[in-house]
1. What whole-number value in Å² describes the accessible area per residue of segment 277-413 for a 1.4 Å probe?
2. Using only the alpha-carbon atoms of segment 401-459, report the extent along each of the three principal axes, biggest first, to the nearest angstrom.
3. With all protein chains present and a 1.4 Å probe, how do 419, 466 order by accessible area, largest first?
4. For every other residue with a beta carbon closer than 11 angstrom to the beta carbon of residue 372, add +1 if it is Lys or Arg and -1 if Asp or Glu, then tell me the sum.
5. Can you give me the three principal axis dimensions of segment 347-503 from its C-alpha atoms, in Å, biggest first?
6. Computing the accessible area with a 1.4 Å probe over protein heavy atoms, can you report the carbon and sulfur percentage for segment 232-332?
7. Output the peptides 323-331, 182-190 sorted from most to least packed, where packing is the average of other Cβ atoms within 10 Å over each peptide's residues.
8. Cα-based Rg of segment 231-377 per 2.2 N^0.38 Å, rounded to two decimals?
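The values are calculated or read from the model by the stated rules, or taken from the named source; none is laboratory data. This structure is a prediction, so every number in the text was calculated from the model and none was measured. Every residue, glycine as well, gets a Cβ built from its backbone with ideal geometry; the counts of neighbours run over all protein chains shown. Heavy atoms of the whole protein, side chains included, go into the accessibility calculation; ligands, DNA and RNA do not. Shrake-Rupley method; radii C 1.70, N 1.55, O 1.52, S 1.80 Å.
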Amino acid sequence: MDEEIPELRELRSIPVTPRGLTPAISAPPSQLHSPSLTRSPLLTPTGGGGGGGIKTPARTSGARTPLRTPRFMTPLASPMRRAVVSMRGYLEDVGHLTRLDPQDQWLPITESRNGNAYYSAFHTLSSGVGFQALVLPVAFTFLGWTWGIICLTIAFIWQMYTLWILIQLHESVPGTRYCRYLQLTMATFGEKLGKAVALFPTMYLSAGTCTALIIVGGGSLKLFFEIVCGPNCGSKPLTAIEWYLVFVCLAVVMAQLPNLNSIAGISLIGAVTAVIYCTMIWTISVAKGRLPGVSYEPVKAKSDIARVLGVLNALGIIAFAFRGHNLVLEIQATMPSTLKHPSHVPMWRGVKVAYLIIALCLYPIALGGYWAYGNMIPPNGVLTALYAFHTKDTARSLLGLTTLLVVINCLSCFQIYAMPVFDDMESGYTSKHNKPCPRWLRSGFRAFFGGVAFLIAVAFPFLSSMAGLIGGIALPVTLAYPCFMWALIKKPERYSAMWYINWGLGCLGVLLSILLVAGGIWSLIDTGLKLHFFKPN
């Protein structure tokens, strides 16, 4: 008690106290902030002189003077002792004993801490399922039925385990919350090494995904206009670059919402649209039947090296489908947390529901898309195959609705993946000036990021087809680093099962990442003649 209560003066950002959970305080309000409480007067014996008598405060008519704490050992059952115990329970219940960075109350990720299990499910589902699921059938063309299903299942189980690890490590040190992935890596590996191994992959994953969303979303806008306008449309269509710009403008306008909790509704819309269009795409593809002459034999490569690198590229595509671990700690940071009600409970509850739905989306679209198109599926995935092979025998309304849902989902996913970048930008300002970022500057930061992502999308319009390379670079964030962090923070007994599991999976993840990056680079070089810089289609 002597050491914990003075820390209250250092706190600035504190979760809102839930109504109905505040325990009764038997001490008068004037004593709750009394300096005497911080010096443990109850344990201080009476000083010498004066006969050791108890001084009773004088009472005046019409006024009540607060009682001073008596300077002798208070009995356990005394009112003051009960007051101190009650206040301690109150502070533990509302989480005041958790040390929080005052700067957190100014940043987009931790500005609001009223999240719950529903928000967790919305954000996780929005970030966990999307356009990357549409490329999964391409991985099966290299792996075949058996190995495709096995690899997809192993990756799903592995990433669920590392997801659980991150949720548990959010408050692994008593009194501290690691609200960002980078904070946890620096606390585990040291500041320099933590930044070196995690800063680039996490920022690359956020910015690279936003750029790919611009490409997919802008291209889908262009396709939606063509479907709605029809083949006999007389209006002059916009170019691909102009559609990219339209998408970026819409995304930047939506990005003006202040913090991560404020976009929970947008994440819900993104999650619902992703589930609907994934279901529509594989349902239409399966209903139309297999294409004539479809084959399920793995793609024949020119050499053994090419075949191995093709398999690695397929594994990278599967790894990219399970991106989103760089947002787990950030999502959990939006929740209140107390000793009696820790944040990992509602977070894990929401994640379990979200990933059950994600599995119900990924497996059907991977298996159904591969069954319908086999080795004839285009490199860009099952959505491109739907328009390439079923434009004439599918209603325009269904094609248009599917495309519109893809656009809405891309706009929604852009918000949650851009939030770590916004948070990093504003963190630099608040650290330097020790005050919150002005509203006009916050809007400027977000517009600037949208402009940079637009330029990258125009310069590298083929980025959305580089799922294998992106997956390889981001794989340690998802599958390797959490295992190392658990082993270093929790320190399981040497040579125990948990020790072998975490060190083994961590080392395997790093090795696999190196191989996947090599496979992705090979794929890029192999198709280099088909890539056109600054020429989006």
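1. I get 41 Å² per residue for this part.
2. Dimensions of segment 401-459 along the principal axes of its Cα atoms: 47, 23, 18 Å.
3. The residues order as 466, 419, largest area first.
4. Neighbour charge sum, excluding residue 372 itself: +2.
5. Rounded to whole Å, the extents work out to 58, 53, 32 Å.
6. 69 percent
7. Those peptides, ordered most packed to least, come out 323-331, 182-190.
8. Relative to the rule-of-thumb radius for its length, segment 231-377 sits at 1.43.
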